[in-house]
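Asker: Handing you this structure, nothing more for now.
The values are calculated or read from the model by the stated rules, or taken from the named source; none is laboratory data. Computed from a prediction, not measured in an experiment: that's the story for all the values here. Note that we place each Cβ from the backbone using ideal geometry, even for glycine, and neighbour counts take in every protein chain shown. Heavy atoms of the whole protein, side chains included, go into the accessibility calculation; ligands, DNA and RNA do not. Shrake-Rupley method; radii C 1.70, N 1.55, O 1.52, S 1.80 Å.
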Amino acid sequence: MTNPTAAMLVIGDEILSGRTKDTNSGHLADELTARGIDLREIRVIPDDHAAIVEAVRSLSDRFDHVFTSGGIGPTHDDITADAVAEAFGAAIGVRADAREILARHYAQQGTELNEARLRMARIPDGAALIDNPISAAPGFTIGNVHVMAGVPTIFGAMAASVLSTIDGGAPLLSQTLRIERGEGEVATPLADLAHRYPELTMGSYPFQKNGVYGTNIVVRGTDPGRIGAAVTELARMFPEAIA
């Protein structure tokens, strides 16, 4: 059985300018890996309506799930909801259930649900709400696209809610061997090994530490027996390797 696939769409001028550092994609990658969902692509785009529409259509056509972060707040540059609605050909407007969530939240805070905050209740027709236990304003799922906030704590809470409803596959496992040789020395035997284990992926990552040069070899896959066999062969090739 093939694991489900996913893509991550990070939306925001502040990410591309470097002002804000994206941590959501790393968090999502960890969570998807643990659930046996293969994250195949991470794309970062600006707060541009046409760019969001194009990216959502492209990614939703190619992957089982698309997770977005950013652009669903109360300000003028929060345009993600409108763009996702257009990508699916759906109307969008303030929805009663989303408005009620916000009204209750701001009433408890003694704060007005003004026009700007009400923007966060605009949901595409046919979408399901994603719970936001931190600041109340919901995300939403439409089709295979899960639209979530960019604030890391809120993104994490929303992602947990979504992932609890998604069927995964076999978790991706890995083992690492540290070899104190340069990549040029390990490249050929590693390529031969990878050819014999096509169901696994093998990555080569050079390092230099305290004057020591070497290569970390990471073997990944869903079958622990095959991973173990490949690592055993690799260790025989390089007896000095450290797990």
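Asker: How far is it, in nm, from the label point at Y106 to the one at N210 when both lie 7 Å from their Cα along the line to the Cβ?
Answerer: If labels sit at Y106 and N210, their model points lie 5.8 nm apart.
Asker: Between S164 and I79, what is the label-point separation in nm under the 7 Å Cα-to-beta-carbon projection?
Answerer: If labels sit at I79 and S164, their model points lie 3.5 nm apart.
Asker: Given that just one value was derived from the coordinates, which of [x] 18.3; [y] 18.8; [z] 20.2 is Kirkwood radius over Cα pairs in Å?
Answerer: [z]
Asker: Still on this structure: Positive end of the dipole of the chain, charges at C-beta (+1 Lys, Arg; -1 Asp, Glu), about the Cα centre: which of T176, A96, I11 has its Cα farthest in that direction?
Answerer: Of the options given, the answer is T176.
Asker: At 1.4 Å probe size, put V151, V53 in order of accessible surface, largest to smallest.
Answerer: I get V151, V53, largest accessible area first.
Asker: Which is the longest stretch in the chain that no exposed loop site breaks, taking sites as GluC sites (Glu not before Pro) with a DSSP loop state and at most 16 other Cβ atoms within 10 Å?
Answerer: 1-111
Asker: Between R62 and D131, what is 0.36 nm times their sequence separation minus the Cα-Cα distance? Round to one decimal in nm.
Answerer: 22.2 nm
Asker: Using the crude model of +1 on Lys and Arg Cβ and -1 on Asp and Glu Cβ, and no other charge, please compute the dipole size for the chain relative to its Cα centre, in debye to 20.
Answerer: The dipole of the chain has a size of about 460 debye.
Asker: Summing -39500 (n - 2.57) over the DSSP H runs of n ≥ 4 in the chain and dividing by its residue number, what mean residue ellipticity at 222 nm do you reach, to the nearest 500 deg cm²/dmol?
Answerer: -12000 deg cm²/dmol
Asker: Hey, another quick one. With a 1.4 Å probe and all protein chains left in place, how much of the accessible area of the chain comes from carbon and sulfur atoms, in whole percent?
Answerer: Carbon-and-sulfur percentage of accessible area, whole number: 51.
Asker: At R0 = 45 Å, how high is the FRET efficiency between A235 and R19 if r is their beta carbon distance? Nearest 0.05 is fine.
Answerer: 0.50
Asker: A further question on this structure: With all protein chains present and a 1.4 Å probe, how do R35, R122, R196, R62 order by accessible area, largest first?
Answerer: R62, R196, R35, R122
Asker: Rolling a 1.4 angstrom probe over the protein heavy atoms, how many square angstrom per residue are accessible across the chain?
Answerer: 50
Asker: While we're here: Once fully extended, how much extra length lies between A191 and E41, figured as 0.36 nm per residue of separation less the alpha-carbon to alpha-carbon distance?
Answerer: 51.6 nm
Asker: What's the center-to-center distance, using Cα atoms, between the stretch 132-169 and the stretch 65-92 in Å?
Answerer: If you average the Cα positions of each part, the centres end up 14 Å apart.
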